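Read-outs: derived from the displayed coordinates by stated rules, not from any lab. From a predicted model like this one, the values you see are computed outputs, not experimental measurements. Heads up, the Cβs are rebuilt from the backbone with ideal geometry, glycines too, and the neighbour counts pull from every protein chain shown.
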Amino acid sequence: MKLARYDGGKIGVIRDGAVHDVSAACGVDPAEWPPVGIVRVIRDFARLRPGIEKAASAVPGIPLERVRLETPIPWPNKLLALPANFAKHSAEMGGGTPPAPESGFFMKANSSLSGAGDAIVVPNLPGREVHHECELAIIVGRGGRRIPAASALDHIFGYACLMDITVRGKGERVMRKSYDTFTPVGPWITTADEVGDPRDLEMRLWVNGTLRQHARASEMLVGIADAIALCSSVATLEPGDIIAGGTMAGVGPIAPGDRVRIAIDRVGEMTLAVRGEAA
Ligand code: MN
C-alpha cells in the first residue's frame, strides 16, 4: 500500500495515479494538532488495514496532479540519519567522518521535514554551498529497544524517498542539516510488503535532468536491518520514526531555480523545486 498525506493533513491511499481519502477510516482529523495521526495509523496498521482498503475502494480517486502532497510523517518521535554509509561517498568527503558503523547516527530537527509538494528553500549564506544527498527513508513500524538485526526487518513499516539537504563546511552538523525544508520525504510511504527485499532497491537523484547520484541499497555499509539494530541499541524506536539511510557518492550544490528529482525503485519518485529565502 502507498500511504500519503495531502491537502492539509488528509490521509490517502495512492492507486493508479490517484489519491483516495481514507482519513475517516484511519480515525484521523486532518486539522488535529499536533499532527500525529499518521503515527497512530502506523502503530495500529494491522488492525486498521482492512478498513483502509475498503474505504479506498469506496471513494473515487482524485488525480495526483490535483492535490498537494505533504510530508507523510510531519511529527515523528525521531528523525535519525546515518553518516558516511557508502564507501565512495565517505572517500569523496575526504574521510572527515569515519565510515559507518564507527560514526553511529546523528539527528535532524523534525521541523526540517517537508513533502513532495514543497520547495527546498536554501538559506542566504554567502560563501557556503548547500548540497543534495539522495537517501532511502526507513520508516519504523513496530518500535523497540535493542532490536536484533536478524528480526529488524519485521520492525519496518515502509520506505520513502528522502533528501538530506546539507550546508557544507564548518559548524555543528545538526544545525547545518536542520533548516526548514532540508528533509524532503515522500512522495508517500510504500509499505514494506509491497517493496519486498529492500537490498536491491536502486536509488537515483538528478539535478535539472542530470543524474548526480546512483547506488543500490545493498552498498550501504550499515545495511537496513543493521541500521535498525544500531539505532535501537541507543534509543527506543517508536512507530513512525524515520531513519535516513545515508547518501552515496555524487553529492553537490543546489541553487535557487534548480529542480531536484529523486527516484527509488518500487518506492516512488518526486521532483522538488529549489528556491531562495524570501528577503
Ligand atoms: Mn546524509
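A few comments on the model shown:
- Shown in residue order for segment 254-269 are the 3J(HN,Hα) couplings computed by the Karplus curve 6.51 cos²θ - 1.76 cosθ + 1.60 at θ = phi - 60°: 10, 9, x, x, 5, 10, 10, 10, 10, 9, 10, 3, 6, 10, x, 8 Hz (x for Gly and Pro).
- Under 5 Å between amide hydrogens, built in the peptide plane, is the criterion, and for residue 132 it picks out 252, 254 among residues at least 5 positions away or on other chains.
- The angle between the Cα long axis of helix 45-58 and the main principal axis of the chain comes to about 70°, on a 0 to 90 degree scale.
- Residue-wise HN-Hα couplings along segment 151-168, as the Karplus relation 6.51 cos²θ - 1.76 cosθ + 1.60 with θ = phi - 60° gives them from phi, are 10, 5, 5, 5, 9, 9, 7, x, 9, 8, 7, 9, 10, 9, 6, 9, 7, 6 Hz; Gly and Pro carry x.
- Here the gap between residue 97 and residue 236, fully extended at 0.36 nm per residue and compared with their Cα-Cα distance, gives a gain of 47.6 nm.
- Helix-only mean residue ellipticity at 222 nm for the chain, each DSSP H run of n ≥ 4 adding -39500 (n - 2.57), per residue, nearest 500: -4500 deg cm²/dmol
- Calculated from backbone phi, Karplus (6.51, -1.76, 1.60) coupling profile of segment 79-89 in Hz, x at Gly/Pro: 10, 9, 8, 9, x, 6, 9, 10, 4, 5, 5
- For segment 110-194, the calculated P(r), taken from all Cα-Cα distances in 10 Å bins from zero up to the bin holding the longest distance, is 16, 39, 29, 14, 2 percent.
- For segment 174-193, backbone nitrogen atoms closer than 17 Å to the point 7 Å from residue 128 Cα along Cα-to-C-beta are found at 174-183.
- Amide H contacts under 5 Å for residue 188: 161, restricted to partners 5 or more places along the chain or on a different chain, H placed in the peptide plane at 1.01 Å from N.
- Rg/Rh (Cα only; Kirkwood hydrodynamic radius) as it applies to segment 189-255: 1.02
- Among the listed pairs 54/177; 2/108; 2/170; 10/88, those beyond 32 Å (Cα-Cα): 54/177; 2/170; 10/88
- Where the alpha-carbon atoms of segment 29-164 are placed on the principal axes, they occupy 54, 42, 26 Å, in descending order.
- Normalising the average separation of contacting C-alpha pairs (under 8 angstrom, six or more residues apart) by the number of residues puts the relative contact order of segment 104-229 at 31 percent.
- Cα pair distances exceeding 37 angstrom across the chain, given as percent: 8 percent
- Amide hydrogen neighbours beyond the local backbone of residue 120, cut-off 5 Å, H modeled: 273, 274, 275
- Relative to its residue count, segment 145-214 spans a Cα convex hull of 163 Å³ per residue.
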